[in-house]
1. Taking the range 210-233, which residues are free of Cβ contacts under 8 Å to residues at least 60 places away in the same chain, within 14 Å of ligand 1 (Cβ to nearest atom) and either touching a strand residue (DSSP E or B) at 6+ places or on another chain (Cβ under 8 Å) or assigned to a loop (DSSP other than H, G, I, E, B) (or both)?
2. Which of the numbered conditions does residue 100 fail, given that it passes all the others? Conditions: (1) under 21 Å from residue 22 (Cβ atoms); (2) buried (at least 18 other Cβ atoms within 10 Å of the Cβ); (3) in contact with a strand residue (DSSP E or B) (Cβ under 7 Å, 6 or more places away or on another chain).
3. Any residue in the range 105-120 that is farther than 11 Å from residue 161 by Cα sitting within a Cβ distance under 7 Å of a residue that is assigned to a helix (DSSP H, G or I) and modelled with pLDDT of 95 or more? List the pairs, counting only those 6 or more apart or interchain.
4. Take residue 38 and tell me if it is touching a helix residue (DSSP H, G or I) at 6+ places or on another chain (Cβ under 7 Å), touching a residue at least 40 places away in the same chain (Cβ under 8 Å), surrounded by fewer than 22 Cβ atoms within 10 Å (Cβ to Cβ) and within 16 Å of residue 163 (Cα to Cα).
5. Counting only residues that are under 26 Å from residue 68 (Cβ atoms) and within 14 Å of ligand 1 (Cβ to nearest atom), how many does the range 95-146 have?
6. What are the residues in the range 63-83 that are closer than 20 Å to residue 39 by Cα and away from ligand 2 (no atom under 16 Å from the Cβ), if any?
7. Which condition does residue 22 not pass, out of (1) more than 16 Å from ligand 1 (Cβ to nearest atom); (2) on the phi < 0 side of the Ramachandran plot, if it passes all the others?
8. Select from the range 182-192 the residues that are more than 16 Å from residue 13 (Cβ to Cβ) and crowded, with 16+ Cβ neighbours inside 10 Å and write down the one among them that is nearest to the chain's Cα centre (by Cα).
Ligand SMILES: Nc1nc2c(ncn2[C@@H]2O[C@H](COP(=O)(O)OP(=O)(O)O)[C@@H](O)[C@H]2O)c(=O)[nH]1
Ligand SMILES: [Mg+2]
């Protein structure tokens, strides 16, 4: 078997996720303890308005496997992922969102098929969003398939598993939510095996989605243009 995971960093950014950060910390620890993994949690507080970082700091007093990065200004999803990736030290990285819409216990399914892959991204069987949001997501994925000659179904979900060695061979430039797609595309272009696994996602229990705003859409388009120019120059 090519890959067996025993060493795992779980990385998630938090922004307006103060109600879920604690749930996600507990779930992450329980997953890693159940599987007896050598693990660490890497959490990035992207200048959260409600100071989610202080909740993380409380947990850090009793658990030295938790690392916190605090941005002094809000830098965006992509910058947060990049900050976190820089300090992930385990062999594999499970990256997710801080809002608990993904089930990190899906890692168990991922680890069953990981021997075939260097990275597994996920796709949502059912998108639990408005028809408008589903339409935007469909257009987005079609556009990425066309622009990057790839076939991924749902390239920007918030749950992916990445081999750290593979990541070290690529440079990431997205500042926003395109970063997940950039990882899959650039790894694939380097010849790494990127697989897809179907998952379920869960409704937000707290707050509202902040990702589909005009600002984020414009920033995502800028990231797409930048990454495409890098790849096809
Ligand atoms: N670091 C960072 N994360 C953000 C920002 N905006 C949203 N997020 C995070 O991105 C994740 C997904 O956002 P969400 O609005 O739930 O998007 P959706 O799940 O696609 O509806 C959440 O965990 C948010 O905390 C931001 O400005 N910076
Ligand atoms: Mg979400």
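1. 213
2. It is condition (3) that residue 100 fails.
3. Here the result reads 105/31, each pair linking the range 105-120 to a residue that is assigned to a helix (DSSP H, G or I) and modelled with pLDDT of 95 or more.
4. Working: touching a helix residue (DSSP H, G or I) at 6+ places or on another chain (Cβ under 7 Å): no; touching a residue at least 40 places away in the same chain (Cβ under 8 Å): yes; surrounded by fewer than 22 Cβ atoms within 10 Å (Cβ to Cβ): yes; within 16 Å of residue 163 (Cα to Cα): yes.
No.
5. Of the residues in that region, 11 qualify.
6. Matches in the range 63-83: 63, 64, 65, 66, 67, 68, 69, 82, 83.
7. (1)
8. If we filter the range 182-192 for residues that are more than 16 Å from residue 13 (Cβ to Cβ), which is where we start, we get 184-192.
Going one step further and asking which of them are crowded, with 16+ Cβ neighbours inside 10 Å, we end up with 184-188, 192.
Working: 184: 11, 185: 14, 186: 15, 187: 15, 188: 17, 192: 18 Å.
Per the stated criteria, the residue is 184.
The values are calculated or read from the model by the stated rules, or taken from the named source; none is laboratory data. All values derive from a computational prediction rather than experimental measurement. Reconstructed Cβ throughout: ideal geometry from the backbone, glycine too, with neighbour counts over all protein chains shown.
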